[in-house]
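Structure, as structure tokens:
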Amino acid sequence: MSRYWSSVVNGLTPYVPGEQPKLPDLVKLNTNECPYGPSPRALAALRDAVGDTLRLYPDPNCDSLRESIAAFYKLKPAQVFVGNGSDEVLAHVFLALLKHEQPVLFPDITYSFYPVYCRLYGIECRQVPLTGSFEIRVDDYLTPNGGIVFPNPNAPTGRPLALSEIERLLRANTGSVVVVDEAYVDFGAESAVGLIGRYPQLLVVHTLSKSRSLAGLRVGYALGDTGLIEALWSAYFSIDYKDVATFSILAVTLVFLPSGLLGKPEVEKV
């Protein structure tokens, strides 16, 4: 600690990344890395990207990638925000959409980055206890708030919240944003993306790091009403943003093309 630290940093308890052992061929459950390799199409795109074009900056708007993601989910590109992993996406979400007078609500046992963002950005928060069976209970969130955020399924408990319960929450909570963090949705929950057209306060966040085996590319995205997405881009371009890398844009764009993978990794059968 130095006397030159700001009061914000002095009061932080930072997020601690999972340990990265150096031994080869480990399945690292602590970081929830997928044990299977990424799509061969993604690897081919990376190989093709090695060339003279690497001297150029990436497209800051990620137009081709946003178009592919939007087509996959039957949305408009203006409903897609892209960042360097879902952690960066969530950082912009907290700053652009969850900083209000009322506290942000999230489970007391959940992704440990949520309280870190609140402390970093000076956001009031209230951690809502899970039930005795480690489940999220919607009724506990039907109270004035500045926003609601939770993973589905929740992490690290793995308990999913039914889509009908998410919709019940959205019907009751129209005055603030509801963020559903679907980092692990492919492992045991029903996605809320289909509700976006009916609820302008819904934002769904995804990552390419888990079920799609592309953790090394650092790509995440958010889907929602154009008004929410505009706020995220406004925050993104108001700081010293870091473009999503050309490698990542090319590889992930191919993953979302309609002819083949449906956004999931190809797993070799043995």
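Every number in this text was worked out from the coordinates using simple rules, so none of it is lab data. Nothing here was measured: the structure is a model prediction, and the numbers come from that model. Every residue, glycine as well, gets a Cβ built from its backbone with ideal geometry; the counts of neighbours run over all protein chains shown.
Which whole-number percent is the relative contact order of region 75-255 (Cα, under 8 Å, 6+ apart)? Mind showing how you got there, number by number?
Values: 328 pairs, mean separation 49.1, N = 181.
Contact order relative to length: 27 percent.
Hey, rough spin-label estimate for Arg171 and Ser112, points 7 angstrom out along Cα→Cβ, what's it come to in nanometres?
3.8
Take the Cα atoms of region 75-255, build their convex hull, and give its volume per residue in Å³. Please list the in-between numbers first.
Working: hull volume 20.3 nm³, N = 181.
In region 75-255, the Cα hull volume divided by residue count equals 112 Å³.
Measure off 7 Å from each Cα along the Cα-to-Cβ vector at Leu195 and Arg47, then give the distance between these two points in nanometres to one decimal.
The two pseudo-label positions are separated by 4.3 nm.
How would you rank Thr110, Thr157, going from fewest to most other Cβ atoms within 10 Å of each one's own Cβ? Walk me through the intermediate numbers first.
Values: Thr110 21, Thr157 16.
Result, fewest neighbours first: Thr157, Thr110.
Please give the direction-averaged projected area of the C-alpha convex hull for region 163-235, in square nanometres with one decimal. All intermediate terms of the calculation are to be shown ahead of the outcome.
Working: hull surface 21.2 nm².
Average projection, Cα convex hull of region 163-235: 5.3 nm².
Below 15 angstrom from the Cβ of Ala162, what's the summed charge of the other residues (Lys, Arg +1; Asp, Glu -1)?
Numbers: positive: Arg137, Arg159, Arg168, Arg171; negative: Glu135, Asp139, Glu165, Glu167, Glu182, Glu190.
So the surrounding residues net to -2.
What ranking, highest mean first, results for peptides 160-173, 123-136, 140-153 when packing means the other Cβ atoms within 10 Å averaged over each residue?
Working: 160-173: 17.0, 123-136: 15.0, 140-153: 20.1.
For the peptides 160-173, 123-136, 140-153, the packing ranking is 140-153, 160-173, 123-136.
So, in nm, how far is label Phe187 from label Asp63 when the simple model puts each one 7 Å beyond its Cα toward the Cβ?
3.7
Could you work out the local net charge near Pro153, counting Lys and Arg as +1, Asp and Glu as -1, over the other residues with Cβ closer than 13 Å to its Cβ? Please report the intermediate quantities before stating the final value.
Working: positive: Arg159, Lys210; negative: Glu135, Glu165, Asp181, Glu182, Asp186, Glu190.
Result for the neighbourhood of Pro153: -4.
So how much slack lies between Arg137 and Lys76, counting 0.36 nm per residue of separation and subtracting their Cα-Cα distance, in nm? Display every interim value, and only then the final one.
On the way: separation 61, 0.36 × 61 = 21.96 nm, distance 3.21 nm.
Length gained, Arg137 through Lys76: 18.7 nm.
Can you tell me which of 60-68, 201-209 comes out highest on packing, and rank the rest after it, using the mean Cβ neighbours within 10 Å? Please report the intermediate quantities before stating the final value.
On the way: 60-68: 18.4, 201-209: 23.9.
Highest mean packing first, the order is 201-209, 60-68.
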